[in-house]
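Input: a single structure, listed below in structure tokens.
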Amino acid sequence: MTTSNDLPLAAKPIDRAAHHRLDKDWLASAQSRDDVLILLMQEGQPLIEKGGLLWLGPQANALSPDVSVLFLGRDKAGAPIFALDMPAHWTLAGSPIEGLGEFEDMRAAIGAMSPMEANCTSTARSIFEWHRSHRFCAKCGADTEIVEAGWKRACPACGAEHFPRTDPVAIMLAVKDGKCLLGRGPGWPAGFMSCLAGFVEPGETVEQAAARELFEEAGIQAEPETTEYLFCQPWPFPSSLMIGVILQATTEEITIDPKEIQDARWFSREEARAIIAGEHDEIYCPPPFAVAHHILKVWAERDD
Ligand SMILES: [Zn+2]
């Protein structure tokens, strides 16, 4: 059975060692250790070498004085892991690490990463995006500062504490009588279809959100209590938790909301198997680093 731990961005998470986050002396010394593992991000893009993430050692600390630092935790051997967010004006060209790697689009890069690298990079991307968009205190408007090794912002003016957010998203496969529903968002490439999805709203359960989104986007009705939870995975675009579910539709007639999706269609299990195998004539689905791929795969491989 597929579980959250089998998903590429969630698999084999490192030990976050959160008890070190308040210990500035420990953090400073850990960041300079010979065995430290440091990954670099710049404007949401990880530094990649051929074949995966480029890990740097303590030399990364001298690259720029103007970085945000995030302590990610420790690997299985105990080596501390940090991420540095390089300022937008910093360039690889002319730096001591010129030629070792390139900053690459996260979605393009993630497929070549190991699960541990993908998990670390996803975490760093979400946290750094949050820092970029939460510089000011939501209570009083003053400049806030990064504390606790990158995991919190504090307001020196009013004392408010601000924590990075994770937005729950219900991502669903509606099924009925041996068929499943896939949709296509506006602007997606021709032939690319995926599970429908939507943010869980305040006051709502995951099950209710799935049924509501299904009706809003495709006009299909389902009973929330039929929702079957499969697994979840963090999704760093910018900071969602994708909660994968299957739910039983009670109607079949599709009425799309063109603001939300461009197309939706029912597919047989045979077609779903072909889509997952990359052998469908017309339709292809998200790659294995996306939750949607695994939801569709779970259902396609069932016999019921
Ligand atoms: Zn404040």
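The values are calculated or read from the model by the stated rules, or taken from the named source; none is laboratory data. These figures come from a predicted structure and were not determined experimentally. Every residue, glycine as well, gets a Cβ built from its backbone with ideal geometry; the counts of neighbours run over all protein chains shown.
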Checking the structure you have, find out if any residue of region 38-59 is in a loop (DSSP other than H, G, I, E, B), buried (at least 20 other Cβ atoms within 10 Å of the Cβ) and out of contact with any Phe, Trp or Tyr (no Cβ under 7 Å at 6 or more places or on another chain).
yes
Test: Gly73 is out of contact with any helix residue (DSSP H, G or I) (no Cβ under 6 Å at 6 or more places or on another chain), away from the ligand (no atom under 16 Å from the Cβ) and in contact (Cβ under 8 Å) with a residue 40 or more places away in the chain
yes
Considering each residue of region 64-86, count those that are under 24 Å from Glu98 (Cα atoms) and either in contact with a His (Cβ under 6 Å, 6 or more places away or on another chain) or in a loop (DSSP other than H, G, I, E, B) (or both), and give that number.
6
Within region 148-158, the residues that are touching a residue at least 60 places away in the same chain (Cβ under 8 Å) and over 19 Å from Gly44 (Cα atoms) are Glu148
Do you know which residues across region 130-160 are within 7 Å of the ligand (Cβ to nearest atom) and basic (Lys, Arg)?
Lys139
Confirm whether Ser95 is over 24 Å from Lys152 (Cβ atoms), assigned by TED's automatic domain parsing to the domain that holds Ala118 and either in a loop (DSSP other than H, G, I, E, B) or of a type in the set (Phe, Trp, Tyr) (or both).
yes
Region 112-147, residues that are more than 23 Å from Gln42 (Cβ to Cβ), surrounded by fewer than 17 Cβ atoms within 10 Å (Cβ to Cβ) and in contact (Cβ under 8 Å) with a residue 12 or more places away in the chain
Ala138, Lys139, Cys140, Ala142
Could you please let me know if Ala109 is at pLDDT below 95, of a type in the set (A, V, I, L, M) and surrounded by 14 or more Cβ atoms within 10 Å (Cβ to Cβ)?
yes
Can you name every residue in region 266-304 that is assigned to a strand (DSSP E or B) and under 26 Å from the mean Cα position of the chain (by Cα)?
Tyr284
Condition (residue is farther than 14 Å from Leu182 by Cβ and aromatic (Phe, Trp, Tyr)) applied to region 259-279: is it met by at least one residue?
no
Restricting attention to region 74-95, which residues are more than 11 Å from Asp35 (Cα to Cα) and buried (at least 20 other Cβ atoms within 10 Å of the Cβ)?
Phe82, Ala83, Leu84, Asp85, Met86
Filter result for Gly183 (away from the ligand (no atom under 16 Å from the Cβ), surrounded by fewer than 17 Cβ atoms within 10 Å (Cβ to Cβ) and not polar (S, T, N, Q)):
no
Being in contact with a Pro (Cβ under 9 Å, 6 or more places away or on another chain), more than 16 Å from the ligand (Cβ to nearest atom) and charged (D, E, K, R), is that true of even one residue in region 108-128?
yes
Residues that are under 30 Å from Ile261 (Cβ atoms), at least 2 per element: which strands (runs of 3 or more DSSP E) completely within region 123-242 meet that?
167-176, 179-184, 196-199, 228-235
